[in-house]
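Reviewing the structure listed below.
Throughout, read-outs are computed from the coordinates displayed, never taken from laboratory work. Treat the numbers as computed from the prediction; the structure is a model and nothing was measured. Cβ placement follows ideal geometry from the backbone for every residue including glycine, while neighbour counts extend to all protein chains displayed.
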Amino acid sequence: SDRSLLPKVDALYFDGISATVRRDFPAAIESYAAIVKLSSDTEKPRVLVDLGRAYENNNDVNDAIKSYTEASTRNPQYATAYLRLGIVFGQQGDLAKALSSFETAESIYQALGNIEGRTEVIFRRGALFNKRNKLAEARTQLEQALALARALQPDASSSGSQPGQSGVQGVPAS
């Protein structure tokens, strides 16, 4: 497992992920920042989101927002950047910016037919409403997320499992 055998970007990713696991977020930021510098224009938005997550983990919300904003500017169809912006703006208490970012992310996921992405946005929006004590709005969003998540589940009748069974031998459904 000689790290020096890896291509430079792969080694930096290894370092960034390892630092994150160790909770050494400044080192993770350093690795992802170096990857951004080495990345092509098409790869940069994804790497900027990785960098933003490292900033978030380091409680550096302003730099996280800058990374996510740059990612969304470089690729206006990159829904994950808007999702992360919505989450961070929500944590900061900026409901208008959070909801706008969530709306953009959901629209992109909808256009792509990405039900998992839509479900995540709707769930996060519901969690934000819940945190803000907007319980009726939270319930609507969380019920919608649950309905979408259930739609993603494989059809129990095609898997051979019986009602009340998880599909795993001997494990009841929860």
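Structure summary
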item	result
Helix axis angle, 135-152 relative to the chain longest principal axis, alpha carbon, degrees	90
Within straight-line cross-link reach of K8, lysines at Cα separation under 20 Å, skipping those fewer than 8 residues along the same chain	K37, K44
Whole-Hz ³J(HN,Hα) from phi, Karplus 6.51 cos²θ - 1.76 cosθ + 1.60, for the stretch 98-109, glycine and proline x	4, 5, 5, 5, 4, 4, 4, 4, 5, 4, 5, 4
Sequence-separation-based contact order of the stretch 75-135, relative, with Cα cut under 8 Å and 6+ spacing, percent	30
With Cα atoms, 0 to 90° folded angle of helix 61-74 axis to the chain main axis	90
Degrees, to the nearest 10: 25-38 long Cα axis against longest axis of the chain	70
The stretch 25-119: mean projected area of Cα convex hull, nm²	5.8
Charge context of L83, other residues only, Cβ under 9 angstrom, K/R +1, D/E -1	0
Structure-derived log10 I(q)/I(0) by the Debye sum over Cα atoms at q = 0.08, 0.17, 0.20 Å⁻¹ - corresponding label in (i) -0.46, -1.08, -1.29; (ii) -0.24, -1.03, -1.36; (iii) -0.34, -1.04, -1.18	(iii)
Potential lengthening between R74 and Q91 on full extension [0.36 nm per residue; Cα-Cα distance subtracted]	3.7 nm
Straight-distance crosslink candidates among aspartates and glutamates, where the alpha carbon sits under 15 Å from K97 and sequence neighbours closer than 8 are dropped	E106
Surrounding net charge for T69, when Lys and Arg each add one and Asp and Glu each subtract one, Cβ distance under 12 Å	+2
Aspartates and glutamates whose Cα lies under 15 Å from that of K66, excluding same-chain neighbours fewer than 8 positions away	D50, E56
Relative contact order of the chain, defined on C-alpha pairs under 8 angstrom at six or more residues apart (%)	10
Shape call, the stretch 1-42: gyration tensor on alpha carbons, a/c limit 1.5	oblate
Environment charge of E137, counting only residues whose C-beta is closer than 12 Å and scoring Lys/Arg +1, Asp/Glu -1	+4
Helical contribution to [θ] at 222 nm, DSSP H n ≥ 4, -39,500 (n - 2.57), averaged over the chain, rounded to 500	-23500 deg cm²/dmol
